[in-house]
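These notes concern the structure reproduced below.
The values are calculated or read from the model by the stated rules, or taken from the named source; none is laboratory data. Everything numeric in this text was worked out from a predicted model, so none of it was measured. So basically every Cβ, Gly included, is an ideal-geometry build from the backbone, and we count neighbours across all protein chains shown. Areas reflect the complete protein model, heavy atoms only, side chains present, ligands, DNA and RNA absent. Shrake-Rupley method; radii C 1.70, N 1.55, O 1.52, S 1.80 Å.
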Amino acid sequence: MQLSAAPYEERLTAPRSWWLISLLAGVSLALIVLPLGTLPMLGGLAVGSAAAAVVVSAYGSVRIRVVGGLLIAGEARIPVTALGEAEVLDAEEARAWRTHRADPRCFMLLRAYIPGAVRVEITDPEDPTPYAFLSTREPQRLADALRAAKAAA
């Protein structure tokens, strides 16, 4: 497998405040079972915190990669030869493409806590998906990696 000219990898981790919220979910469960005693309360704290932490970790484990001539975004694997131009979107443009300008057929890897995004046209005539919308903390770097991978392909 040939690596792309400018490999790119990003993990869309959840913000730190979400980890605090998972701890608070554990505290809430502990308070709910408090009338049953101290041991159930401690169990509720541990179980509630752990369950919420698993959810936060799973939601924040999504990766975007450009490697080996592929754009890998979550479960999607798109050859860079099937991609058109990558458009860097600032927070305001990204909001518009997530809402009123969105095409229901598009592929979205959306994380609301990440303001920047890249919109990449999909030029494969057999694919009904018009574009991919990818939330990213480094939109310019992702667009540059896609351009470099297309040039190398």
For this session: Please identify, among 126, 93, 138, the residue showing maximal mean-square fluctuation in a Gaussian network model of the chain using a 10 angstrom Cα cutoff.
Result: 126
Problem set entry | Top positive-direction residue, dipole computed over region 12-153 with Cβ charges, set 73, 135, 47 | 47
Exercise. Using +1 on the beta carbon of Lys and Arg, -1 on that of Asp and Glu, and nothing else charged, what's the dipole of region 6-81 about the Cα centre, debye to 20?
Worked result: 80
Exercise. Which of 69, 116, 44 moves most in a GNM of the chain, Cα contacts under 10 Å?
Worked result: 44
Exercise. Which helices, taking whole DSSP H runs in the chain, have alpha carbons extending 15 angstrom or more along the helix axis plus mean Kyte-Doolittle at least -0.5?
Worked result: 16-33, 38-59, 139-152
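Over all distinct Cα pairs, what is the inverse of the mean 1/r for the chain, reported as the Kirkwood hydrodynamic radius in Å?
Over the chain, the inverse of the mean reciprocal pair distance is 17.3 Å.
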Exercise. Roughly to the nearest percent, how much of the accessible area of the chain is carbon and sulfur, given a 1.4 Å probe?
Worked result: 62
Exercise. Points 7 angstrom from Cα along the Cβ direction at residue 105 and residue 77: gap in nanometres?
Worked result: 2.5
For this session: Would you mind calculating the relative contact order of the chain from Cα pairs under 8 angstrom and at least 6 residues apart, reporting the percent as a whole number?
Result: 27
For this session: Using 0.36 nm per residue of separation minus the Cα-Cα distance, give me the extension gain between residue 11 and residue 55 in nm, one decimal.
Result: 14.3 nm
Exercise. What is the extension gain from residue 90 to residue 19, computed as 0.36 nm multiplied by their sequence separation minus the C-alpha to C-alpha distance, in nm to one decimal?
Worked result: 22.9 nm
For this session: Using a Gaussian network model of the chain whose springs link C-alpha atoms within less than 10 Å, name the residue from 101, 63, 11 with the highest mean-square fluctuation.
Result: 101
Seminar exercise, completed: Per residue, accessible area of region 26-106 with a 1.4 Å probe, heavy atoms of protein chains only, in Å², comes to 57
Seminar exercise, completed: For region 1-88, listing GluC sites (Glu not before Pro) in a DSSP loop whose Cβ sees at most 15 other Cβ atoms within 10 Å gives 75
